[in-house]
1. Would you mind getting the accessible area per residue of the chain, heavy atoms of the protein chains only, 1.4 Å probe, in Å²?
2. Please calculate the 1.4 Å probe accessible area of residue 196, with all protein chains present, and give it to the nearest 10 Å².
3. 5 Å is the cut-off here: which amide hydrogens, built 1.01 Å from N in the peptide plane, fall below it relative to residue 173, excluding neighbours closer than 5 in sequence?
4. In whole percent, what relative contact order does the chain give with Cα contacts below 8 Å and a gap of six or more residues?
5. Calculate the spin-label point distance for residue 181 paired with residue 66, positioning each point 7 Å from the Cα along the beta-carbon direction, and give it in nanometres.
6. Among the helices of the chain (complete DSSP H runs), which have Cα atoms covering no less than 20 Å along the helix axis and a Kyte-Doolittle mean of at least 0.0?
7. Label residue 73 and residue 10 with points 7 Å out from Cα along Cα→Cβ: what is the distance between them in nm?
8. Leaving out ligands, DNA and RNA, what percent of the accessible area of the chain is carbon and sulfur, probe 1.4 Å?
Amino acid sequence: MSVLGRHEIASAARIVVKVGSSSISGANIGQIAPLVDALAAAHGRGAEIVLVSSGAIATGMPYLQLDERPTDLATQQAAASVGQNLLIFRYQDSLDRYDIVAGQVLLTAGDLENPAHRGNAHRAMDRLLGLRILPIVNENDTVATHEIRFGDNDRLAALVATLIQADLLVLLSDVDALYTRAPHLPGAERIDHVASGDWLPGVEFGGSRSGVGTGGAGTKVSAARIAAEAGTAVLVTSTGLVAEALRGDKVGTWFEPALP
């Protein structure tokens, strides 16, 4: 089905949810359980759920005794190698409460640009969803290079949503919605709805302030446009409001999908 409004979220058949590094690592590791609660609730009503999760590098950093996100590619790859294993374990440990099995899917930008690899990814994701497995997707940071990276997992989530023709993409961060400028600045106004084709003239978007992620409001808007123009509705909100978002409550910023 095609989701055209918030009131249809509860009946969405295929949903992609993206969560950022800062929301599920470090001091916020406790947000994994309520995130899983919300995903399990949607899964339980019959929806097919895909989770695009950042956090491999951030999760691996403490085990490499790193206080800050590494800047060199080799150390990023090493941190991702350690962190991806731990990240999936944490998700599966929480999903066990609902008898839901996770499947790990690691992609590079090249995988979605190469027709054969793209077809393989599409087929694998479709089969996992058909088997009621919950795919957890991340960029394959261990082998990705600066030249072929997605740049941020918001874009990856939008491309995955387009690949599998999702009805809804939910982009989560540490901010409850998009604002006309950084929400801590005077005059910032919350954006409730973005019509199809609205390029938000005059709106200022900054980057990530977390220190462990690569995204920000600007990347979310760019990703939302990719998905919405392909016909997938998009909701941008905070990780703490994911349960409300997946119920169809009036939270976050809604990007109206383009009509076919």
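1. Normalised by residue count, the accessible surface of the chain is 44 Å².
2. Here the accessible area works out near 60 Å².
3. Placed amide hydrogens put 237, 238, 239 under 5 Å from residue 173.
4. Result for the chain is 25 percent.
5. 3.4 nm
6. For the chain, where a helix must reach 20 Å along its axis and average at least 0.0, the hits are 73-95.
7. That separation, rounded to one decimal, is 4.9 nm.
8. Here it works out to 53 percent.
The values are calculated or read from the model by the stated rules, or taken from the named source; none is laboratory data. If you're wondering where the values come from, they're calculated on a predicted model, not measured in any experiment. Here the Cβ is made from the backbone with ideal geometry for all residues, glycine too, and neighbour counts use every protein chain on show. The protein model used for the area step is the full one, side chains on, heavy atoms only, and it has no ligands, DNA or RNA in it. Shrake-Rupley method; radii C 1.70, N 1.55, O 1.52, S 1.80 Å.
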